[in-house]
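Engineer: So that we are looking at the same thing, I have put the structure below in C-alpha cells.
The values are calculated or read from the model by the stated rules, or taken from the named source; none is laboratory data. Small disclaimer: the values here were computed from a predicted structure and weren't measured. Virtual Cβ from ideal backbone geometry, glycine too; neighbours counted across all protein chains shown. Remember, those area values only see protein heavy atoms, side chains included, never the ligands or the DNA or RNA. Shrake-Rupley method; radii C 1.70, N 1.55, O 1.52, S 1.80 Å.
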Amino acid sequence: MTAAPADVGRAPATPAPPPAEGRLLREAVRRGRAPAALVLVATALGAAAAVTLPLALGRAVDLLIARSDAGFWVLLCTALIATEVATDALVARTGGRTGAATTAWLRRRALAGFLAAPPAATTGTGLPTRLTANALDAGTAPVAAATAAAAGLAPLGGLAGLFLVDPWAGAAFVCGVPLLLLILRALLRDGRAALTAYQEEQGRMARLLTGALSGAATIAAAGTVRAEERRVLAPLAGMRAAGERTWRVQGRAAGLSGALMPLLVAAVLAVGGVRLVAGHLTPGDLLALSRYAVLAAGAGALAGALNGWVRAKAGTARLETVTTLPRTPYGTRDLPPHGDGTLTLRGVHVTRDGVPLLDSVTLSLPGGTTTAVVGRSGAGKSLLAAVAGRLTDPDEGTVHLDGTDLRTLSADALRHAVAYAFERPALFGATIADAVAVGPLPDADLHRALHRAAADTFTDRLPLGPRTPLPEAPLSGGELQRLGLARAFTRPARLLILDDATSSLDTITAHLVDRTLTEAPGTRLTITHRLSVAARADQVVWLDGGRVRGIGPHSALWRDAAYRAVFGAGAGAGAGASADSGTGTGTGMRTELPTDTRTDAPTETPTDMPANVRTDVRTDMRTDMRTGPRVDSGAGAVE
C-alpha cells in the first residue's frame, strides 16, 4: 500500500477480489503440463498397443491352426506387448517424479502464502495437515488429469474392437454401459464431498494435537491428561462418519463395477461362442473378442482414475485456503537515512470479533528512549507491540516511524528497521548459531549478539559452542529467551520491541540485559510485568482495557493506587520511599518479607561484579521481591 501517510489510517485500500476457486489446481496442472503430456502420449501409445494386440493374436492363432507361416504376427504380438510394458514403466516413472516436484512446489507456495499473511489471518489454518497429506494428494494433479483423460482410450478401443470383430458381441456389451456411467457419475458427485469432509476433520484433529503437544508440560502438571485426550480425540466421530461415507461411495462404485464387468465379459463370450458354432467366427476371432471384452471391461478402471482426480482436487482445495490468505501489503518507501527511531501512534483502534482490543491509542516514543508498557492481563499490551512493528495493522489510525507511515515502507525497509524479541521465541535452523543469525552473519557479530543477551554464558559451555545442533542443546525458558534476545541484537534496528522477552530471566541476568538495552541505539518498546523494568524506563505507558490510562515516569504513575495494583502492590504503598529502594525512582515499598527471605537475596549476587552493579542488582532484587507476585531464581521466573 502506497497511500500518503495522511490518508492511510482512515481510507484503507479497496480489497482485491478473491481469486477464482480452483485457480491453484489449474496452476498445478499447467506447471506439470510437459510431463503430463508425456504421460498422456505414453498412455495413449500403450492403449493403441493394447487395442491392436487382440487382432494380432487372433490372426496368429488362425494361421497357426491352418499350419501357415505366422512369424510376422508373432513378432508383432511381441512388439506390442513390449510397448505396453515400456509405456507402463514410463508412466510410473514420470508420474512419480512429477508428483514429487509438484508437491514440493505446492508446499512452498502454501508456506509462502502463510508467512506473507498477517498473523491474525493464519489462526486455525491447520497448516501441518495441509502441507503433508493434502499437499501429497494435490501433487498428483498433473498426472491424475492426464491419467483420467487417457483412462477411457483402452476401454473405448476395446468396445470398437468388439464391433469390428462381431457387432452382435459389441451390442451385448453395450447393454451394460448406461449402468456403468451411472456408477461413475455417483462417484464424482459424492466422492469429493465425502473426502473433503474427512480432510477437514483430519485438519481439526491435527490443530488440537499440535496445541496439546506444545502444552504437554502444563497438561501433565495440571493432571488433565484424560481431559485433553477426550478433547483432542473429539473429531474422531466426525472423521469416522466422513471416512465411512468415503469408503461407502468408493466401495459401492468399485463393487458395482466389479460385479458388472465380469457379467458383460461373460455375455460377450456367450454370444461369441454361439457365433463360432454357427460358423460366423473363427477361433482367432473368439480369442480377439475375449481380449476386447476384457479391455472394454476396463472401463471400471475409470473409477480408480477418477478417484485419483477427485483426491487431487480436494487436496488443492484445502491448500488454496492457505495460498489465498490476504497478504500484508507493503509500500515502496525507505526510512529517512538519519532518523533516531521516533515512534508515533495516532488514534490506533483494533477490533476483533466486534470487541475493541485497542481503543483510540495515541502516544509518542521519542527516539533513543525506553518505553515500558504495563497493564493487567488482557489489557492489549502484546497487541500494541504487534501494531507498533506492523505484525498487524490497526483498523483505524496510523503508526509512524521517523515520520514515515509503516504501511508505506517496503518489506525490506520495515524488517531491517524493526527487531522483535518474544516471550516464547521459536528457534529455526540446524544449530544455535543458525537460529540466532537467521542468515549470513560474521562470527564476531554472532558472539557480540550472544554476549549482549548474556547468552554466551551457557552457549560457550555447550559441546560445540554456538554450533551445537538445536536438538542436542536442551534449553530452559530463560535460556530460550536469551537466544531470542540475541537474535534481535544481530542488527542495529531503529526500533526494538520486547514482548515480555525477559519474563523468564532470573533477576541478575534480567538486570544485565536491561543495562545492555539502555546502551543500544534506537528506540526500545518493552512489554513487561516487572516493576523494576518499568522503574528504569524513560516513560511508562499504562494500558487498561485497551485504552491508555496513563503515560509518564514510573515515579509519577506510582502515586495512583490502581497503577500500583498492576504490580500486585497494596493500595497503601507509598510513592516516596526512594531511600528504601535506593533507586531514587519512587519504587520503594514498605511491605516487608520475612527476614530469612531478605537475608538470602543479596547472597545470590556474584562477587566478581563491579560494586556499583552489585548495588543496583541487590536493589533490583529487593524491589522485585517486595512488590511483585513473582519469585525469581536461576531457573526462571514464575508469575
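Engineer: Report, as a whole number in µm² per second, the diffusion coefficient that Stokes-Einstein gives for the stretch 124-175 at 20 °C and 1.002 mPa s using the Kirkwood radius over alpha carbon pairs.
Structural biologist: For the chosen part, D equals 152 µm²/s.
Engineer: Report, by chain and number, residues whose modeled amide H sits under 5 Å from the one on Arg547, excluding near sequence neighbours (fewer than 5 apart, same chain).
Structural biologist: Asp359
Engineer: Could you sort Tyr563, Tyr420 by their accessible area in this structure, using a 1.4 Å probe and putting the largest first?
Structural biologist: Greatest to least solvent exposure: Tyr420, Tyr563.
Engineer: Accessible area of Arg23, 1.4 Å probe, to the nearest 10 Å²?
Structural biologist: Roughly 120 Å² of Arg23 is accessible to a 1.4 Å probe.
Engineer: Hull surface divided by four, with the convex hull built on the Cα atoms of the stretch 353-486: how many nm²?
Structural biologist: 10.3
Engineer: Report the accessible area of Met205, computed with a 1.4 Å probe over the heavy atoms of all protein chains in place, in Å² rounded to the nearest 10.
Structural biologist: Probe radius 1.4 Å; accessible area of Met205 about 40 Å².
Engineer: Quick one: Debye curve from the alpha-carbon atoms of the stretch 458-531 only, equal weights, vacuum; give me log10 I(q)/I(0) at q = 0.17 Å⁻¹ to two decimals.
Structural biologist: Each listed q maps to, in turn, -0.70.
Engineer: Moving on to the next point. Each residue of the stretch 327-337 in turn: what ³J(HN,Hα) in whole Hz from Karplus with 6.51, -1.76, 1.60 and θ = phi - 60°, glycine and Pro shown as x?
Structural biologist: 8, 5, x, 10, x, 10, 7, 10, 6, x, x
Engineer: Through the Karplus equation 6.51 cos²θ - 1.76 cosθ + 1.60, θ set to phi - 60°, convert the phi angles of the stretch 378-393 into ³J(HN,Hα) values in whole Hz; use x for Gly and Pro.
Structural biologist: Residue by residue, the stretch 378-393 yields x, 6, x, 5, 5, 5, 4, 5, 5, 5, 5, x, 6, 6, 8, 9 Hz.
Engineer: Within the stretch 412-478, which trypsin sites (Lys or Arg not before Pro) sit in a loop by DSSP and count at most 15 neighbouring Cβ atoms inside 10 Å?
Structural biologist: Within the stretch 412-478, the qualifying trypsin sites (Lys or Arg not before Pro) (loop, at most 15 other Cβ atoms within 10 Å) are Arg461.
Engineer: Next up: Please sort 502-511, 214-223, 107-116 by packing, taking for each peptide the average over its residues of neighbouring beta carbons within 10 angstrom, highest first.
Structural biologist: 502-511, 107-116, 214-223
Engineer: If you rank Phe458, Phe422 by how much accessible surface each has, with a 1.4 Å probe, what is the order from largest down?
Structural biologist: Phe422, Phe458
Engineer: Under 5 Å between amide hydrogens, which residues at least 5 positions from Gly522 or on another chain qualify, with H placed 1.01 Å from N in the peptide plane?
Structural biologist: Answer set, sorted by chain and number: Gly368.
Engineer: Within a Cβ distance under 15 Å of Leu475, other residues only, what is the Lys/Arg minus Asp/Glu net charge?
Structural biologist: Within the 15 Å Cβ shell, the charges total -3.
Engineer: Just by accessible area at a 1.4 angstrom probe, what is the order of His416, His349 from largest to smallest?
Structural biologist: Greatest to least solvent exposure: His416, His349.
Engineer: Using only the alpha-carbon atoms of the stretch 329-425, report the extent along each of the three principal axes, biggest first, to the nearest angstrom.
Structural biologist: Computed over the stretch 329-425, the largest-to-smallest principal extents equal 37, 27, 27 Å.
Engineer: Another question, then. Which residues' amide hydrogens lie under 5 Å from the amide hydrogen of Ile527, considering only partners 5 or more residues apart or on another chain, with H built in the peptide plane?
Structural biologist: Amide H neighbours of Ile527: Val373, Leu498, Asp499, Asp500, Ala501.
Engineer: Okay, moving on. If you count, for each residue, the other Cβ atoms within 10 Å and average over each peptide, how do 429-435, 141-147 line up from highest to lowest?
Structural biologist: In decreasing order of mean packing, 429-435, 141-147 become 141-147, 429-435.
Engineer: If you don't mind, there's one more thing I want to ask. Considering only protein heavy atoms, what is the solvent-accessible area of Glu201 at a probe of 1.4 Å, reported in Å² to the nearest 10?
Structural biologist: 50
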